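The values are calculated or read from the model by the stated rules, or taken from the named source; none is laboratory data. This is a predicted model, so every value here is computed, not measured. So basically every Cβ, Gly included, is an ideal-geometry build from the backbone, and we count neighbours across all protein chains shown. Note: areas computed on protein heavy atoms with side chains; ligands, DNA, RNA excluded. Shrake-Rupley method; radii C 1.70, N 1.55, O 1.52, S 1.80 Å.
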Amino acid sequence: MLISTTSATRVLAARLPEHAGEPVTVEGWLHRRRTLKSVTFLVLRDRTGLVQAVLTTPEQLAAVEGVGEETVLRVSGVATANEQAPGGLELTEPSVTVLSSRAAPTPFDLYRPTVPATLPTILDHAPVALRHPRLRAPHVIAAASVAGYRAALDGLGFTEIHTPKIVGSATETGANVFGIDYFGTRAYLAQSPQFFKQMMVGVFERVYETGPVFRAEPSDTARHLAQYTSLDAELGFIRDHHDVMGVLSAAVAGMIGAVRERAGAECELLEARLPAIPSRIPEIHFADAQKLLAAHTAEDPRGEPDLAPAHERWLCEWAMREHGSEFLFVTGYPLRKRPFYTHPEPDRPEYSNSFDLLFRGLEIVTGGQRLHRYEDYVAALAARGEGVEAYEGYLQAFQHGMPPHGGFALGLERWVARLIGVENVRLATLFPRDITRLSP
Ligand code: AMO
C-alpha cells in the first residue's frame, strides 16, 4: 500500500523550482502583503520557505481585499521565473482561496528580518511569535541536536528509555523540587531521571533519555528554567569518569554534525557558528582551575565548593587561548558539593570523579562516576544525615550487583542558546516556565 503523507497537489515552497513554467498550488500563511498602486504581492510561508504571488487584475485583487497577514491561503497559479522573487520564481495568474481567516492582527510584524519585539512580548505571544523565521530557527536546531544525540548513542549500543516524571523523592541536592499532591500522598516532579537511569544500567548497561525535568528555581536568571529538556545518558563497566567524558564527546560531536546537516539554513539565518570539537576536549581539575583563577583574576575562589558563572566564563577564555577549544572539561569538583551518589576521587576523597562541560562560557553538562556498591550508598547517605528509607526502590538495584558506572546530563536549552549566541535560554525554549511564567 502506498501511504500518502501530503496533499497530492500541494507544492512546497522549496520544491517550486522543480515546477518552473507549470501550473502549481501552494498552501501556507500569508507572511507579508505588499500593496502597490496597481499590483499586490502576497508572500506565502510554509514549512520550507517563502513563495510570492503577484496579483494584478481587478478580480484577483478583489479576492484578497482585507486579507491580512497570517491568514491561511491556498494559491494556484503558474510558477514563473523572476530573479527578484524569493527562490527565483513567483506565482502568476493566481487564484486565491482563504482556508482560514485570522481573528486578530499579529502582535508584531513577522516578516521583518529582525524581530521587532522585546522578550516579554515574544514570550506572551509565543504561539504566533514563534512563526517568525528567526524565532522558529532555534527549535529546528534543537530538534537536529536531539536527533544527533540519539543517533550517536544508538551507534554506541545505548538503549533509549522513558522514565517517570512523578517521583517519590528528590533526586538532586538542593531544595529546588516541586511538591505535588499525588492521590493524597506527597510526591515530586522529577528533577532528573538520575535514579532511573542508574537502575537501568543494571538492565541494559547503556541507556539514554531525552525528556523534561523540573527545578523549582527561585531565582530569575538568563540560564535557569523551572522546566527544561535534559539529555541524559548512563553507562556501565567504566574505568572512571573519563570513559563517560569520551561518550559525551562523541554525543556532542554527533549533535554538531546533525545540526550542520539538518539545520544548516537555520544556522545561516541566525549566523550561528558551529564549534569544532577537538579530538580530545581539554580538561582541568577543579583544584587547578581555582589556582589559575586565584593567580589571574581579582578574586581568590579557593575554599569555594563551586565555580561562579564569571569563573566559568574566564576558564572558557583561558581554554580558547591555551588550547584553541570552545569546550572545556572541569573535573574533580569537591565531593561535598555533589549529590550523594557521586563517586569520590580515589586518592583525594575530598574531591570527586565528576565533571562539568563548559561551552562558550557556560556549564552545559554535569556528569561523573557514581557509587556502585550498596554499602557505599548506605554510608554516603548516613554521612549526609539521611536514612535509606526514602531511597529503597533505587537501592534495590545496588543490592543485586551493579557495575562501576557513570553518566551525564546536558541541558538542551543551554546548548542551543550557546550555539546560536543568545544570552537568555528562554529564546531557546518554546514555552518557558520560570518564576513568573506559567502561560502560554
Ligand atoms: P545538573 O543538575 O547539573 O545535573 O543538571 C545537568 C545540566 O542541566 C542543565 N540545567 C538547567 N538548564 C536550565 N534550567 C535549569 N534550571 C537547569 N538546571 C540544570 C545544565 C546542567 O549542566 N543528575 C545530574 C546529571 C548527571 O550527573 O548525570 C544533573 O541533573 O546544562
Quiz item: Given Val416, Val425, which one is in contact with a Gly (Cβ under 9 Å, 6 or more places away or on another chain) and not polar (S, T, N, Q)?
Solution: Val425
Practice problem: List the number of the failed condition for Ser219; all other conditions in (1) touching a residue at least 12 places away in the same chain (Cβ under 8 Å); (2) within 22 Å of the chain's Cα centre (by Cα); (3) assigned to a helix (DSSP H, G or I) hold. | Solution: (3)
Quiz prompt | Qualifying positions in the range 35-53 - part of a loop (DSSP other than H, G, I, E, B) and under 25 Å from Val140 (Cβ atoms) | solution = Arg47, Thr48
Practice problem: Would you point out which residue out of Val388, Val330 is touching a helix residue (DSSP H, G or I) at 6+ places or on another chain (Cβ under 7 Å) and surrounded by fewer than 19 Cβ atoms within 10 Å (Cβ to Cβ)? | Solution: Val388
Quiz item: Failed condition for Leu231, given (1) modelled with pLDDT under 95; (2) part of a strand (DSSP E or B); (3) within 30 Å of Val115 (Cα to Cα), with all others met?
Solution: (1)
Exercise. Hand me the list of strands (runs of 3 or more DSSP E) wholly inside the range 297-394 holding 1 or more residues that are closer than 21 Å to Glu413 by Cα.
Key: 327-331, 354-359, 362-369
Quiz prompt | Top-ranked residue in the range 338-379 [being under 21 Å from Lys197 (Cβ atoms), in contact (Cβ under 8 Å) with a residue 40 or more places away in the chain and open to solvent by 30 Å² or more (accessible area, probe 1.4 Å); ranked as nearest to the ligand (Cβ to nearest atom)] | solution = Thr366
Quiz item: Of the residues Pro403, Pro440, which single one is more than 11 Å from the ligand (Cβ to nearest atom), in contact (Cβ under 8 Å) with a residue 60 or more places away in the chain and not assigned by TED's automatic domain parsing to the domain that holds Glu217?
Solution: Pro440
Quiz item: Pick from Tyr182, Tyr188, Tyr208: which is open to solvent by 30 Å² or more (accessible area, probe 1.4 Å), without any contact (Cβ under 8 Å) to a residue 60 or more places away in the chain, within 16 Å of the ligand (Cβ to nearest atom) and of a type in the set (Ser, Thr, Tyr)?
Solution: Tyr188
Quiz item: Of all residues in the range 127-160 being touching a strand residue (DSSP E or B) at 6+ places or on another chain (Cβ under 9 Å) and surrounded by fewer than 19 Cβ atoms within 10 Å (Cβ to Cβ), which is farthest from Glu386 (Cα to Cα)?
Solution: Arg131
